[in-house]
Amino acid sequence: MVSEQAVIKVLADGKYHSGTELGEHFGVSRAAIAKIIDKIEQNYNLTLFAVKGKGYRLQYPLDLLDADKITNHLSSQTRLELSNLELHFDIDSTNRYLNQKNNNTISSGYVVLAEQQKSGQGRRGRTWVSPFAANIYLSVLWRFQSAPAELGNLSLLVAVAVVRALKQQGIEDVGVKWPNDILWQNKKLAGILLEMRGEMSGPSNVVIGVGINVAMPGDKVANDIDQPWIDIETILNKKVDRNALCARVIDDLFTVLRAIPGKQESLMREWQQLDMLKGQQVDVLFADRVIEAKALGINQDGSLRLLHKGKEIDCHSGEVSIRRREQ
Ligand code: BTN
């Protein structure tokens, strides 16, 4: 049985491949190839052209993820700490996948990447739109000896790592909206979803999910995103090597994660340089009410400092969501 994956790999070059050529290559009939082509269109939302006398061609070539290419780009230190690099064509969610594994039995530094997520998870129960071979969907399992309570600012520190990787691509004007929305000119470029489990006194197992918009297809998929968004190729106006970018993100994440707890202070200072809310008037959305406040920056534990009716209040992520007021 020929897999859809195997056929996509051949078609990824964006050139025409005839049904006869594909059939011979995989040792199946042309009719079997035609069936697989239909399935590819349905399951991966890819557009394929079928032209008589020429064969099948993808609408545009695909830069597929490749574990060897990613590993080759990694620093030697990261390679030592990488316990596994798993690449999936299709998954429900890389975060859910890692959470379903028994976190105590898999080693820290376990990385899962996917070409497509059927039900990508965003923060606060939202969906993360995850079309095939377009963006980066990555999750890492990392184990800390510390207690979960000592890692309250971890999601902010992860944002620092992702911003470092984006800046290295040449993206300016990238900032963070507390706690970890990564924005470019107020449009969402990347998101982070952290899920932590652990004993009261440690250790803590954390699944760190990172989604980065690289080349969102300009079709109905993108219409499902419920906020202003942008992708790297639009910002830079050029093609991006997703394998090199994945490696960079993994490297920058591991650099930050291995530096915790020792370097938390300097990492928090770096976060403060990226703070897009400080000094801004904001709406603070609690479960049952909305208040108006001024954002004053953050505390060392990652909580947000707000000035409301002359009094300072602190908010923790998960309790509230923040909207910048139009000036
Ligand atoms: C957000 O809402 O800002 C967080 C988005 C996080 C998306 C990433 S994509 C990889 C990982 N797997 C998921 O299902 N979600 C995270």
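The values are calculated or read from the model by the stated rules, or taken from the named source; none is laboratory data. Just so we're clear, the structure is a prediction, and the values are computed from it rather than from any experiment. FYI the Cβ positions are ideal-geometry reconstructions off the backbone, even for glycines, and counts take in every protein chain you see. We work out accessible area using only protein heavy atoms, side chains counted, and drop any ligands, DNA or RNA first. Shrake-Rupley method; radii C 1.70, N 1.55, O 1.52, S 1.80 Å.
Past the 23 angstrom mark, what percentage of all C-alpha to C-alpha distances in the range 190-319 do you count? Taking all Cα-Cα pairs of the range 190-319, the fraction more than 23 Å apart is 53 percent. Take each uninterrupted DSSP H stretch in the chain, measure its Cα extent along the helix axis, and return the ones at 20 Å or beyond whose mean Kyte-Doolittle hydropathy is at least 1.0. Helices passing the filter in the chain: 154-168. By accessible area, using a 1.4 Å probe on protein heavy atoms only, the chain has 46% of its surface on carbon and sulfur.
What is the sum of charges, Lys and Arg at +1 and Asp and Glu at -1, for the other residues whose Cβ falls under 14 Å from the Cβ of residue 159? Combined, the nearby Lys, Arg, Asp and Glu give +2. Applying Stokes-Einstein at 4 °C and 1.567 mPa s to the Kirkwood radius of the range 93-206, computed over alpha-carbon pairs, gives a translational diffusion coefficient of 86 µm² s⁻¹.
Our summary gives the chain a relative contact order of 14 percent, counting only alpha carbon pairs under 8 angstrom and 6 or more residues apart. Our note on the geometry: Cα centres of the range 174-252 and the range 85-101, 16 Å apart. The figure for residue 325 is an accessible area of roughly 90 square angstrom, using a 1.4 Å probe on the protein chains alone. For the range 164-261, the Cβ-based charge dipole about the Cα centre amounts to some 200 debye (Lys, Arg positive; Asp, Glu negative; other atoms uncharged). Counting only Cβ charges, +1 for Lys and Arg and -1 for Asp and Glu, the dipole size of the range 1-67 around its Cα centre is about 280 debye.
Computed over Cα pairs, the Kirkwood radius of the range 9-157 leads via Stokes-Einstein (1.002 mPa s, 20 °C) to a diffusion coefficient of 119 µm² per second. Between the listed residues 117, 85, 25, the Cα displaced farthest toward the positive end of the dipole of the chain, a dipole computed from Cβ unit charges relative to the Cα centre, is found at 117.
Using only the alpha-carbon atoms of the range 29-114 as identical scatterers, what base-10 log of I(q)/I(0) does the Debye formula give at q = 0.13, 0.19, 0.24 Å⁻¹? Values, matching the q order: -0.65, -0.95, -1.20.
Between the residues 228, 211, 163, the greatest Cα displacement towards the positive end of the dipole of the range 144-244, with unit charges on the Cβ of Lys, Arg, Asp and Glu, is found for 163.
Residue 314 contributes an accessible area of around 80 Å² to the protein surface, as traced by a 1.4 Å probe with all chains present.
Ordered from highest to lowest accessible area with the whole protein assembly present and a 1.4 Å probe, 308, 25 read as 25, 308.
In the chain, the inverse of the mean reciprocal separation of distinct Cα atoms equals 21.3 Å; this is its Kirkwood hydrodynamic radius. What you get for the chain, charging only the Cβ of Lys and Arg (+1) and of Asp and Glu (-1), is a dipole of about 340 debye around the Cα centre. Take every Cα pair under 8 Å whose residues are at least 6 apart in sequence, average their separation, divide by the length of the range 149-302, and the relative contact order is 27 percent. Taking a Cβ cut-off of under 13 Å around residue 97, the surrounding Lys, Arg, Asp and Glu residues balance to a net charge of -1, with basic ones at +1 and acidic ones at -1. Structure remark: mean-square fluctuation, Gaussian network model of the chain, C-alpha springs under 10 Å; the largest value among 254, 144, 286 belongs to 286.
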